[in-house]
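Reviewing the structure listed below.
The values are calculated or read from the model by the stated rules, or taken from the named source; none is laboratory data. The structure presented is a predicted model; accordingly, all values stated were derived computationally and were not measured. Don't worry about glycine lacking a Cβ; one is built from the backbone with ideal geometry, like all the others, and counts go over all protein chains shown. Calculation scope for accessible area: heavy atoms of the full protein, side chains included, ligands and nucleic acids excluded. Shrake-Rupley method; radii C 1.70, N 1.55, O 1.52, S 1.80 Å.
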Amino acid sequence: MPRNRRTTVLLAILAVVSVVALVQYWPTTPPPVAVTGAPARPAGRPSTATSITAPDVHLQALSAERPRPQDEPERNLFRFKPKAAPPRAPAAARPAGPATPPVAQAPAGPPPLAPIAMRFIGLLEATEHAEKIAVLTDGRGIYHGREGDIIEGRYRILKIGVESVDVAYLDGRGRQTIRLSGS
């Protein structure tokens, strides 16, 4: 019984000391400081300045009109001057005759096809029929097929090798070799 009483007394003393330490060292907000016109001075030196004057504030400059930013795609946010105009060609280099209109270039043909977005992830070999089945993915689904099969309704498997597969669009354009590594 005396041991329990001693433990209880020690715990009560510890709690009182903790509360006192908490109250003593708890961070408090500093009291508001009154701002006066005199600057702080080191102890022992007399103050030579009697008051501080406020800097000039140009309120009319705040209401002045400012230039609007230009909507240029090449605008540099860290540049304050407008972009300089390109230098003009010297007068001697320009032809003396009437200005010729620029020749419009005809399109060179249809735009190039997008690369085939498939990855070759595996190869199955049916030993009974001695044929290879390529396993491909586009990130959304997994597709498989033999040589000549149509994958995803857009691509045809042309040739299946040990480490790669040749795939083309259905019309025969855009032939691409996809390696087993996935590129």
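Show F78, F120 ordered by accessible area, largest first, where the area counts protein heavy atoms only and the probe is 1.4 Å. Numbers along the way, then the final one.
Numbers: F78 175, F120 0 Å².
Result of the area sort, largest leading: F78, F120.
Rounded to the nearest 0.05, what FRET efficiency is calculated for H58 and A89 with R0 set to 45 Å and r the Cβ-Cβ distance? Show your work: numbers first, answer last.
Details: r = 45 Å, r/R0 = 1.00.
In this case the efficiency is close to 0.50.
Give me the accessible area per residue for region 113-183, probe 1.4 Å, as a whole number in Å².
On the way: 4490 Å² over 71 residues.
Here the per-residue accessible area is 63 Å².
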